[in-house]
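Engineer: Quick one: structure below, then a few questions.
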Amino acid sequence: MEEKKDILILAIESSCDETAAAVVKNGREVLSNVISSQIALHTLYGGVVPEIASRKHIENINGVILQALEDANVTLKDLSAIGVTYGPGLVGALLVGVAEAKAISYAAKLPLVGVHHIEGHIAANYIEDKELTPPFVCLVVSGGHTHLVVVKDYDCYEIIGRTRDDAAGEAFDKVARAIGLGYPGGPKIDKAAREGNPEAIHFPRAKVADAPYDFSFSGVKSAVLNYLNGCKMKGEPIIEADVAASFQRAVCEVLVSHAVQAVKDYHLPKLALAGGVASNSELRRLMKEACEREGIAFYYPSPGLCTDNAAMIGAAAYYEYQKGTRHGLDLNAVPNLKLLER
């Protein structure tokens with residue numbers, strides 16, 4: 001019997017402010033995962049500046065790809081395909097990765113597989129837990145997205161809940177800025193909250209009428225801003241750690257309750273986390289406690305696989321490649337790309 005050939009995918013990710021490349025074997029084994037972060041640069045401006053991000057991607061991408069190939073001890077001739085994020089994200093940043101992937105695909109005569117960024121975040125769980133298989137419910141929480149997704153199969157999704165306004169990560173960034181913690185907001189609030197009392201201030205937990213799985217975080221963000229302004233007007237002291245802890249608890253409790261409810265309603269006793277906010281320690285703790293209480297199997301990627309990286313894109317590209325997805329040299333960046341539901 002002929003031995004099954006390993007599928008090696010070179011993956012490229014440049015949707016925001018990380019230039020990343022990875023080599024992934026058979027969708028689950030990471031041979032290399034190189035990330036060049038721009039956080040220090042964008043911190044000077046209090047957030048990501050799209051034009052600067054694009055220029056930095058151009059400067060870094062060749063070196064990152066060469067490093068990924070070297071770390072994996074492979075050459076272009078060993079590869080089965082090129083995977084690349086083509087949306088959603090910052091259009092200029094996406095274009096750098098897409099152009100690079102198309103150039104390598106053309107020059108090396110390798111199949112090109114475009115990947116949805118959110119599909120990549122979900123696929124990070126396959127790298128972390130080799131036994132995880134669909135179907136399951138996945139809570140995707142990042143700076144730009146808050147989705148509750150039923151993962152029916154490796155390429156089959158149903159979005160059952162989404163944010164009506166701010167994404168969770170966006171709310172973290174805005175509140176961190178208001179408190180004076182700076183950028184990036186998520187890690188700064190997580191750290192500050194450890195010194196604070198999450199019961200000190202009650203901030204609202206929003207529910208969306210007739211949409212039990214949808215989220216709304218603009219209300220809690222506004223409540224924090226109103227609280228801060230009220231303290232300043234009255235001359236009352238602001239305990240930053242308490243504000244951070246109370247805000248974080250309010251957001252995480254909503255995320256947990258919606259996700260657990262979805263698992264119960266859809267009778268899928270497996271719940272996974274994905275996205276940058278999935279590395280939040282309070283969210284992981286509360287979700288783990290809730291899942292243990294309800295008898296739900298809980299999966300979550302290590303922090304390095306939660307934030308933007310190319311290994312997750314390689315995992316998603318593998319399953320797209322296996323089902324026959326191929327893109328031509330007309331593949332373009334799609335900044336508002338929707339997750340394809342089937």
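Engineer: Just one of (1) at pLDDT below 95; (2) under 10 Å from the mean Cα position of the chain (by Cα) trips up residue 147, so point out which.
Structural biologist: (2)
Engineer: I'm trying to understand the selection: among the residues of region 71-98, which are surrounded by fewer than 19 Cβ atoms within 10 Å (Cβ to Cβ) and in a helix (DSSP H, G or I)?
Structural biologist: Answer for region 71-98, where residues must be surrounded by fewer than 19 Cβ atoms within 10 Å (Cβ to Cβ) and in a helix (DSSP H, G or I): 71, 76, 77, 78, 91, 92.
Engineer: Now, a different point. Tell me, please, whether a residue that is more than 19 Å from the chain's Cα centre (by Cα), farther than 19 Å from residue 15 by Cβ and modelled with pLDDT under 95 can be found in region 63-74.
Structural biologist: no
Engineer: Still on this structure: Might you check whether a residue that is without any contact (Cβ under 8 Å) to a residue 60 or more places away in the chain, among the acidic types (Asp, Glu) and either touching a helix residue (DSSP H, G or I) at 6+ places or on another chain (Cβ under 8 Å) or farther than 24 Å from residue 329 by Cα (or both) occurs anywhere in region 10-28?
Structural biologist: Checking region 10-28: not a single residue is without any contact (Cβ under 8 Å) to a residue 60 or more places away in the chain, among the acidic types (Asp, Glu) and either touching a helix residue (DSSP H, G or I) at 6+ places or on another chain (Cβ under 8 Å) or farther than 24 Å from residue 329 by Cα (or both).
Engineer: Here is a list: 223, 206. Which entry is in the same structural domain as residue 259 (by TED's automatic domain parsing) and crowded, with 19+ Cβ neighbours inside 10 Å?
Structural biologist: 223
Engineer: Still on this structure, I have one more. Out of the helices (runs of 4 or more DSSP H) lying entirely within region 135-237, which hold 3 or more residues that are farther than 22 Å from residue 288 by Cα?
Structural biologist: So the answer is 168-179, 218-234.
Engineer: Could you please tell me which pairs satisfy a Cβ distance under 8 Å, a separation of 6+ or placement on different chains, a first residue in region 196-222 that is over 19 Å from residue 178 (Cα atoms), and a second residue that is among the aromatic types (Phe, Trp, Tyr) and not in a loop (DSSP other than H, G, I, E, B)?
Structural biologist: 206/215; 208/215
Engineer: Would you confirm, using the coordinates I've provided, whether residue 245 is part of a strand (DSSP E or B) and under 23 Å from residue 142 (Cβ atoms)?
Structural biologist: Taking the combined requirement at face value, the residue does not satisfy it.
Engineer: Shifting gears a bit: Looking at the structure I just gave you, is residue 251 β-branched (Val, Ile, Thr) and surrounded by fewer than 19 Cβ atoms within 10 Å (Cβ to Cβ)?
Structural biologist: The answer is no for residue 251.
The values are calculated or read from the model by the stated rules, or taken from the named source; none is laboratory data. What you see is a predicted model; the values in this text were computed from it and never measured. All Cβ positions, even for glycine, are placed from backbone atoms using ideal geometry, and neighbour counts span all protein chains on display.
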